[in-house]
Structures are given as structure tokens and as C-alpha cells.
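Just below is one structure, and these are the notes that go with it.
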Amino acid sequence: MIGKSEIIFNEMSNIVGDGRARNDMFERRVYSHDLGSFPKLFDMMFNFKPDCIVKPESSDEISKIVKFASKERVAIIPRGGASWGMSGAIPIEGGIILDMTHMSNVLEIDGDNLIVTTEGGITWKDLYEKVEAKGYMIGSYPSSAPSATVAGWINTGGIGTGSYKYGGAGDNIRALEVVLPNGNIVNTGSKYTLQSGSGYDLNQIFVGAEGTLGVITKATLRIFPKDEFRPLSYLFPDLKTLSKAVQGLTRSDATPLNISFADNNHFGFLRELGHGDAPDGSMLNIALEGPEELIDYEEGVLDRITKGAKKESVELSMHEWDERSYELRAKRLGPSAILGEAFVPTTRMDEAIDHIYTLIKKMKLKAAITGMVPDRNSVVFMPYYLTDERKLIKSMVSLGFMGKLAGIGFKDGGRPSGLGLFFAYNLKKLHGGVAYGTMHDLKSSLDPCDIMNPGKLTEGQTRFGFPLPGAVLPLGMSVMKLVKGILPKDK
């Protein structure tokens, strides 16, 4: 008797051909995880292994795939670079992985109207380089640009490099092409103009939806004339001192392209790796962009705000800028490095620093804090810790750090970043009961069979047919934190 996986594979092969549909066991295992890691215990609760991996090359192919999935009630999981570690691009009940990386063509660079239209599976690095070759620039892009795809970052509603000046994932969209859960293809915006005016802004419905409302196949984005550029770096004795400069900078009239920071521990890890020139202190990295006279003025503003800090050389500043997409360089010290994120108001930056360091100490982690400033009133902390996944118990309970970091975001007046599978229980807390219900209604209306990336944003069904109660994961994170505090300190 032919099994479910074989039936799905045969149908997918009919649509895209044998070469772009795969169901061998090795590939199914590869696609059962993303950049992050999760306790093996969850293998018993969810089916992370897809039935089939498909690599479509057109919106029409995706439409046919989705229509089949809707008819047969098979889960569809859109997947780009899988560089987001929140389990947002993995199955929970098998189904079809749509590997979007074959849809990576730039369709048009229109300098007259300052837009680029691209397929959703291209990486931000490749897109940036193609736009730059024409004399333009992308306003903002994720820090994981070498691997993150255009549609992937839009789906996570991310912020990244350039967000301080040009906004986040949703702020530079002119229009999207999306395959809906019924297989219909919708164009969401006006290619050349703002979406201001009557009617729902369909562009923004899909920003941060984590692939639960449709498959983003194309995007038309704003581009900008390329101008002068200057990176600057300032060294402070510690992160708390650096924080005062950040608060002063966000209240000044300077508008840098990008603001990021890293603490003493981060550079200590780099020295352990043999980077003897890594600074001893906490670093504030700032990128300025614009006409030279504007850059000169803003540099003078920054020099006054950071008075007392050590202004680093042009060479070191450029080195830090070149390494901006490699926050987890320290991973080479061990088998894995786990990154978490939490947003807090700029005015609460000091409290958040204290709370994160206290958590690191209580959990006896080998950890560092990096982060960025996406707008004048927001700071996103991106602490990471080193772990050895071969030490099952210790590695598993260390994941409690992620849940507790989300709690720090809420405690200090902000929020966690992203939900995925394991933090979906935060959706109601983030938006309130009425908004949560409205989101459920929107999902049910567009996707009544719940085939589109099920289990993300809202709690998913386990293997046993019941949902994972929202109270279970926060309780589990608290238990993990307590157990990790009992175990020996990480080395």
C-alpha cells in the first residue's frame, strides 16, 4: 500500500518534475530543523519531518501545489534560508516544505522610480550586490543577509542593518505577490506609490505573519541613491556606560544608518579564538550615510555625545562593519551558539542590561550581549550563549534562557522578538485578547483548513491531536532555568 509521503511525492513530481521534488530520508531530516535547536523531548510531541521537499520555480507551480494541499489538507511550510532560530520554518505535522531558494531572480531594477522587483527566495546579500552594481542601495536588510531571503525576513517582520534610518522589513515594501491558502495569487500593492488612502493595506498583513497566511513569491521594494558612507566605533569600559551614549544619541538630531553594540564578553570570546587585536571593553558601532557635509556634522555630534570613550581607528571601524553579519563568530569556540532577542524602550536600557546579566549569572552560562538600536525609542538585545548539544541535559535546560529573555522584554516595557513554534504562547500577551481573537479570525478566514505553516504564531496541535497548552512552555522554561542553575558552571 502506498503511504502518505509517497502519494504527496508523486503529486509534487507531477507538478515540478522529479529533480525538484525529494522525499529521501536524509533530506527530510535536514529540513526538520532550522538555525536554532530544540529539546529532543519535542520529537515525541510533533512530527518535524516533512513528507516531501519541493523546490518550485514559479508562482504558478506554487499555486498548483497549494491547491493540492488545500484539497488534501496537507500542511505547507514556506522556507527560505532558515536562518531564524525560532522554529518558524519547520513542520509540526509533516507536510510539504516549499524550499523557495530556487526563486531567486531579480526581475527589475527601476532607477527612475527607485524600486527593485525580485523573487522572494533571493538572499539579501545577493539582492544588495545586484542593486549596488546599478549605483543604488537597499535601505535596510537583516543582519543574517548572507543567508536570509527577502520573503523570509518579511515573514518575520524583522529589523536589521539600516533600520534606524530606513525602517524594518515592512517599511520599504511597495507591493507583494502572494499565493493564498486556496491557491489564488494576489498582488497586494501599488508598484510605484505609497499605499496611503482607502482600502486595507494588504502589504502589511503579510509582514510578520511567519508564513501563516500565504507564500510570498515576489516583492517590489524601495531603493535609494548610493551616497557617501563612514563607519565609526567607540570603546567604552562596560555596557552600562555605553548605554548612556545610546540614550544621548537617540535624542540628538543625528540619524545614522545603523547603530549596534557588543559587550566585553563578546570580544573576550574573540580573543579566545586568537583575535589578539579584539578590543577590551564594550563597543558602540555606528554607520553614517549621506552627503559628506552631513556625515561630517553627524560625526561631530557623535564625538561630543561619546566624550570620554576611545574612538577607534578607521581600520577597526571598517572591520566591525564588515563583520556585521557574523554575530555568532564565537560559535567556533564550541559546537553551538544560541541567539535570543528582546526589545525594550531606550529609556529602560540600563534595567534590561542588569536583568540579562543577572539571568546569565543565575544560569551559569558562557554568554555575551550584542544588540542594535532600530529606532529612537527601541533597543533590541541579542544575547547569545555557547552550548554543547552533545551534553543533552545541560544543552536542553539552557534553552530556558530563551523563555526568560522574553520575560525580561515584557518586564522592562518591551516585548520578545518573534514567536515561531515555541513562543506562540506570547501572542495573546503581546496584543491582548481582542486583537488575538481578531488574528485568529483572519487566519481562519484566509486558511480555513489551517494548512499554511500550522502551529506558528498560534499554538499548534501535537501528534496526539490536542493543542499544546499555552501554560506548558513558560512553566517548562522556568523549570529549565532552575535546573541549569543547579548544574556546574559552563566552561
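Some values worked out for this structure:
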| item | result |
| --- | --- |
| Filter pass, residue 159 being assigned to a helix (DSSP H, G or I), within 20 Å of the chain's Cα centre (by Cα), β-branched (Val, Ile, Thr) and under 21 Å from residue 78 (Cβ atoms) | no |
| Residue in region 135-152 that is out of contact with any helix residue (DSSP H, G or I) (no Cβ under 6 Å at 6 or more places or on another chain), surrounded by fewer than 17 Cβ atoms within 10 Å (Cβ to Cβ) and among the small types (Gly, Ala, Ser) present | yes |
| From 298, 327, 320, 341, residue being more than 19 Å from residue 417 (Cα to Cα) and modelled with pLDDT under 95 | 320 |
| Residue, modelled with the highest pLDDT, within region 15-54, restricted to residues that are buried (at least 21 other Cβ atoms within 10 Å of the Cβ) and in contact with an Asp or Glu (Cβ under 8 Å, 6 or more places away or on another chain) | 54 |
| Residue check, residue 103 in contact with a Gly (Cβ under 7 Å, 6 or more places away or on another chain) and either surrounded by fewer than 23 Cβ atoms within 10 Å (Cβ to Cβ) or farther than 14 Å from residue 221 by Cβ (or both) | yes |
| Strands (runs of 3 or more DSSP E) (entirely within region 170-269) containing at least 2 residues that are touching a Phe, Trp or Tyr at 6+ places or on another chain (Cβ under 9 Å) and either crowded, with 21+ Cβ neighbours inside 10 Å or at pLDDT 95 or above (or both) | 173-179, 215-225, 228-236, 258-262 |
| Unique residue being of a type in the set (Lys, Arg) and closer than 20 Å to residue 326 by Cβ when the list is 130, 165, 134, 125 | 125 |
| Residue match in region 98-114 (condition: in contact (Cβ under 8 Å) with a residue 24 or more places away in the chain, more than 17 Å from residue 172 (Cβ to Cβ) and part of a strand (DSSP E or B)) | yes |
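The values are calculated or read from the model by the stated rules, or taken from the named source; none is laboratory data. Just so you know, these numbers come straight off a predicted model, no measurement behind them. Note: ideal-geometry Cβ built from the backbone for every residue, glycine included; neighbour counts use all protein chains shown.
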